[in-house]
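The values are calculated or read from the model by the stated rules, or taken from the named source; none is laboratory data. As the structure is a computational prediction, the values presented were derived from the model and not from experiment. Positions of Cβ are generated from backbone atoms using ideal geometry, with glycine treated the same way; all protein chains shown enter the neighbour counts.
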């Protein structure tokens with residue numbers, strides 16, 4: 001009765017044949033991205049004491065840093081999910097487990113073993129990747145809904161085990177020594193986001209990336225073609241885990257405190273998948289756009305009391321409408337091949353609806 | 001606590017999981033949709049029961065037909081207006097859209113009912129039947145019986161009516177079903193409505209022993225997952241076995257030495273992952 005999920009026509013946008021027009025768009029996009037990056041690196045420097053005493057205008061405040069760092073964090077997590085969920089087509093619903101393992105790795109290494117934060121960050125990359133490599137062996141034998149649920153189960157279970165063991169600080173969590181620097185954590189997250197995008201870019205241009213896409217489109221066919229599907233899938237999963245863990249490690253020190261609720265919050269998984277989907281899964285820029293748009297919306301409209309509740313309703317409606325009308329993601333929509341005309345809506349409805 | 005009592009309690013709890021799992025399994029099996037708004041629908045059922053009980057004094061068990069009608073209507077409308085548009089899309093899109101619905105329902109409940117705890121306390125809520133040394137709370141016993149009755153009704157609808165034939169046909173091959181004259185969108189909406197009605201019954205049962213809040217339904221979505229995978233997808237009997245077994249696992253895990261309540265989810269999901277690896281089609285499922 002359970003039909004296999006149908007291959008997604010929209011994902012073809014990720015590796016469309018480069019026409020001259022597409023190449024021109026890509027160049028324009030790269031220039032825009034480069035300018036944005038320079039601004040993102042330079043503008044926050046106006047907050048330093050030197051810049052302020054030199055009379056430069058203060059362009060960013062603490063709130064800006066908070067939002068920007070969280071957006072960068074979700075770019076990392078969403079791009080990392082995109083590697084396993086978007087490219088390999090294995091929709092991991094519990095990637096937050098690697099965020100949590102990364103966060104706990106930093107917290108433990110810093111407080112219990114007195115490593116420096118920089119050295120501990122290496123731990124937040126290695127530990128999640130190792131765990132993913134091990135658990136990935138049985139997990140990645142499952143497909144579709146089953147893989148999604150099993151990966152979610154692993155996240156819930158690991159979070160609960162950590163919550164119960166004294167070694168991990170139990171339910172009261174772990175407090176870390178405070179490092180006060182908005183700039184440091186902002187730059188770290190921004191760097192991690194760049195790394196995640198760069199890794200996606202590289203992967204999409206290598207044999208590894210083509211192998212993953214082949215697995216997504218038809219795993220048996222990929223195996224026949226000589227792709228070692230097991231190794232490819234586990235490698236993609238471990239890479240995804242390493243990046244997610246890095247974000248968790250940075251977040252742990254930034255937040256100064258970790259416990260189960262902070263480190264293993266399932267919403268992180270769900271949000272990052274929504275971001276990739278809204279932006280366009282399987283694409284380089286999809287997770288970036290999705291993270292920026294969605295997290296910005298969430299941060300802007302998060303109020304208190306009834307307003308927050310109404311905001312959540314609006315968010316839910318937005319998601320529903322976005323899936324129905326822009327199922328291929330914003331990147332495909334902005335890709336220039338289509339504009340928001342009735343014809344576009346009708347076409348996407350036809351390809352996704354009944 | 002002795003083991004006999006634990007087993008009885010586990011089986012009683014399993015009744016609720018049967019009710020929770022039935023609707024989830026039907027929608028997943030026939031529509032290939034994992035409904036992330038399922039727990040929210042269970043809570044709508046809980047609020048229907050609470051409203052009936054506090055405003056008109058209707059007994060939670062006697063009010064179940066109202067739950068069925070209200071939730072069926074909501075489910076039918078949701079499927080017809082929203083979900084039908086993505087039913088053929090890859091499953092991630094259905095995850096996304098049902099997650100959006102979940103956000104809308106949970107927060108609408110928050111607006112209407114506020115985050116306060118609401119409970120339904122009947123005159124027999126504390127009473128228990130003593131069977132030898134074992135105390136069996138009446139509400140748990142009624143819940144189990146209602147859940148079994150629901151399973152029987154669902155089995156009858158799916159296997160002994162024309163509507164059921166249409167649903168099963170769509171579940172096994174929608175194109176062929178359409179060819180022989182089954183209306184897809186209507187059958188989808190009916191299936192989703194029936195699934196929601198099961199959620200409504202589950203909500204009524206849950207309201208009798210647990211406080212209701214807008215967010216209290218969340219765990220039931222995950223638990224419905226586990227129940228369906230334990231038993232196997234797409235068959236009423238499989239869901240009954242999965243639900244009863246999950247109730248047992250939950251209760252026994254809580255009382256296991258050195259573990260206690262803290263590991264309830266870890267053990268449940270550990271079992272889930274084991275089942276998925278050793279027997280992915282579920283204990284009673286057909287080979288996929």
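Each residue in segment B:1-33 was checked for being surrounded by fewer than 24 Cβ atoms within 10 Å (Cβ to Cβ) and more than 19 Å from residue B:145 (Cα to Cα), and 5 of them qualify. Restricting attention to segment B:211-222, and to residues there that are in a helix (DSSP H, G or I) and surrounded by fewer than 24 Cβ atoms within 10 Å (Cβ to Cβ), which single residue is modelled with the highest pLDDT? Checking each candidate, the answer is B:221.
The single condition among (1) within 21 Å of the chain's Cα centre (by Cα); (2) without any contact (Cβ under 8 Å) to a residue 40 or more places away in the chain; (3) farther than 17 Å from residue A:323 by Cα that residue B:30 does not meet is (2). Taking residues in segment A:256-271 that are away from chain B (no Cβ under 14 Å) and in contact (Cβ under 8 Å) with a residue 12 or more places away in the chain, and partners anywhere that are part of a helix (DSSP H, G or I) and surrounded by fewer than 21 Cβ atoms within 10 Å (Cβ to Cβ), the pairs with Cβ atoms closer than 7 Å and at least 6 places apart or on different chains are A:262/A:255. For segment B:107-126, filtered to residues that are modelled with pLDDT of 85 or more and more than 17 Å from residue B:49 (Cβ to Cβ), the residue that is surrounded by the most Cβ atoms within 10 Å (Cβ to Cβ) is B:107. Of the candidates B:267, B:229, the single residue that is within 9 Å of chain A (Cβ to nearest Cβ) and either surrounded by fewer than 24 Cβ atoms within 10 Å (Cβ to Cβ) or modelled with pLDDT of 95 or more (or both) is B:267. Restricted to segment B:46-90, and to residues there that are more than 10 Å from chain A (Cβ to nearest Cβ) and in a loop (DSSP other than H, G, I, E, B), the residue that is surrounded by the most Cβ atoms within 10 Å (Cβ to Cβ) is B:60. The set of residues from segment A:109-132 being farther than 24 Å from residue A:187 by Cβ and surrounded by 16 or more Cβ atoms within 10 Å (Cβ to Cβ) comprises A:131, A:132.
Residues in segment A:303-320 that are within 28 Å of residue A:33 (Cα to Cα) and surrounded by fewer than 22 Cβ atoms within 10 Å (Cβ to Cβ) were compared, and the one that is nearest to the other protein chains (Cβ to nearest Cβ) is A:315.
Among the conditions (1) in a helix (DSSP H, G or I); (2) buried (at least 24 other Cβ atoms within 10 Å of the Cβ); (3) out of contact with any strand residue (DSSP E or B) (no Cβ under 9 Å at 6 or more places or on another chain), the only one that residue B:43 does not satisfy is (3).
Enumerate the helices (runs of 4 or more DSSP H) found wholly within segment B:91-189, keeping only those where 3 or more residues are away from chain A (no Cβ under 13 Å).
Values: elements: B:91-113, B:138-160, B:162-172, B:174-179.
Result: B:138-160, B:162-172.
Checking the condition more than 13 Å from chain B (Cβ to nearest Cβ) and crowded, with 21+ Cβ neighbours inside 10 Å, which residue from A:186, A:167 passes?
On the way: A:167 fails: crowded, with 21+ Cβ neighbours inside 10 Å.
Matching residue, one of A:186, A:167: A:186.
In the condition set (1) crowded, with 24+ Cβ neighbours inside 10 Å; (2) within 23 Å of residue A:267 (Cβ to Cβ); (3) more than 7 Å from chain A (Cβ to nearest Cβ), residue B:36 is compliant with all but (1).
For segment A:195-211, a residue qualifies if it is assigned to a loop (DSSP other than H, G, I, E, B) and within 17 Å of residue A:286 (Cα to Cα), and exactly one does: A:205.
When you check residue A:184 against the structure, is it within 26 Å of residue A:114 (Cα to Cα) and in a helix (DSSP H, G or I), yes or no? Yes, satisfied.
Go through segment A:60-160 and tell me which helices (runs of 4 or more DSSP H), entirely inside it, have 2 or more residues that are away from chain B (no Cβ under 14 Å) and touching a strand residue (DSSP E or B) at 6+ places or on another chain (Cβ under 8 Å).
A:96-111
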